[in-house]
Every structure is written in structure tokens, then in C-alpha cells.
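Trainee: I'd like to ask some things about the structure below.
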Ligand SMILES: Cc1cc2nc3c(=O)[nH]c(=O)nc-3n(C[C@H](O)[C@H](O)[C@H](O)COP(=O)(O)O)c2cc1C
């Protein structure tokens, strides 16, 4: 499985590596891939799309790499299982709600609610990320 993410200061990247840990604890393989390194073609055959991006702009996806990638999914992920995650700072998680409904409007099946963590995942939040990975792997 590919965990495709964008992260500026490492918080979402840390979530990605904990999710990887969770997936691998269930005996599956996971690889971390920066969104700038992938195109739609690379993910078409993935059974599950695992995407991470922090709240950026004003409750938006990061605009240079993640936003165009997500846009490219429109019309190409009907029925695909998707898991979303990301870190936020001071908002109310609105970016995730919008991201979820956008993926649903593209026909994706969200395997759970998007996983959100404030800033760097520590303590309980670390466990949440690992559990999220386990759920994805099952
Ligand atoms: C330019 C910029 C815009 C941001 N906009 C928001 C926002 O709208 N809402 C929010 O909750 N946090 C916002 N944040 C905070 C980040 O989402 C937060 O620091 C997050 O942990 C960064 O994740 P990263 O380390 O993976 O880059 C913003 C941060 C930056 C640098």
C-alpha cells in the first residue's frame, strides 16, 4: 500500500509513518510516498488510496502539489476505497470535512472518518494513528 502525503513541518509525515507502523503490524506492506512523486497512473491500481495533507491556506489542501493531485482523481476513483488523514493547527477541522465530501462526490468509499491530529501526534494521538493503520490493513 502507498501512503501518499504532503507535509511541510513533519506533523502529517509523522502521522504517515505511524499509520505505516499500524498497517505493517497487521502483516501488510506500506510505503511512504510524497505526493509530488506520484501521478494518477501510479495509483490507479491501488486497492486503497491513503492520502495525508495538513490544513493549509484557509482550511484548504496544500495548493501546489496536493490540490492538483486530488483534482486529478475526479472521474477516476469511482468505488475506490479511500482513507484520509492530516494535521491541523488552530482551525476546527473544516478542511477535512470538505475533503471527505469532495472524495465522496468523486464516488470514493471512505473506509472511516478522516483522521485528524492537532500539530504533532503524541500520546493518545500516536495510538490513534497506529489504530487507523490497522483498520486500513484489515
Ligand atoms: C500557510 C499555513 C496555513 C495554515 N492554515 C491552517 C488552517 O487554515 N487551519 C488550521 O487548523 N491550521 C492551519 N495551519 C496549521 C497547520 O495545519 C499545522 O501546523 C499542521 O500541523 C502542519 O502540518 P505539517 O507539519 O504536516 O506541515 C496552517 C499552516 C500554514 C503554514
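Trainee: Would you compute, from DSSP H runs of 4+ residues alone, the mean residue ellipticity of the chain at 222 nm, taking -39500 (n - 2.57) per run and dividing by the full residue count, rounded to the nearest 500?
Mentor: On the way: 5 runs with 53 residues, N = 138.
Rounded to the nearest 500, it is -11500 deg cm²/dmol.
Trainee: Turning to a different aspect of this structure: Mind jotting down the distance between the C-alpha centroids of segment 95-138 and segment 1-46, whole Å?
Mentor: So the two Cα centres are separated by 12 Å.
Trainee: Show me the ranking of peptides 34-41, 91-98 by mean Cβ neighbours inside 10 Å, starting with the highest.
Mentor: Values: 34-41: 13.1, 91-98: 15.2.
The packing order, highest mean first, is 91-98, 34-41.
Trainee: Can I ask one more? Hey, can you rank 104-110, 114-120 by average C-beta count inside 10 Å, highest first?
Mentor: On the way: 104-110: 14.7, 114-120: 18.7.
Ranked by mean Cβ neighbours within 10 Å, highest first: 114-120, 104-110.
Trainee: Take the eigenvalues of the Cα gyration tensor for segment 1-123, scale each by 5, and report the square roots as semi-axes in whole Å, largest first. Each step should come with its number before you reach the end.
Mentor: On the way: eigenvalues 75, 65, 36 Å².
Semi-axes, largest first: 19, 18, 13 Å.
Trainee: Here is a follow-up. How much FRET efficiency would the formula 1/(1 + (r/R0)^6) give for residue 111 and residue 65, where r is the Cβ-Cβ distance and R0 is 30 Å, rounded to 0.05?
Mentor: On the way: r = 23 Å, r/R0 = 0.78.
It comes to 0.80.
Computed from the coordinates by the stated procedures, all read-outs in this text should not be read as laboratory data. Treat the numbers as computed from the prediction; the structure is a model and nothing was measured. Backbone-built Cβ (ideal geometry, glycine too); neighbour counts: all protein chains shown.
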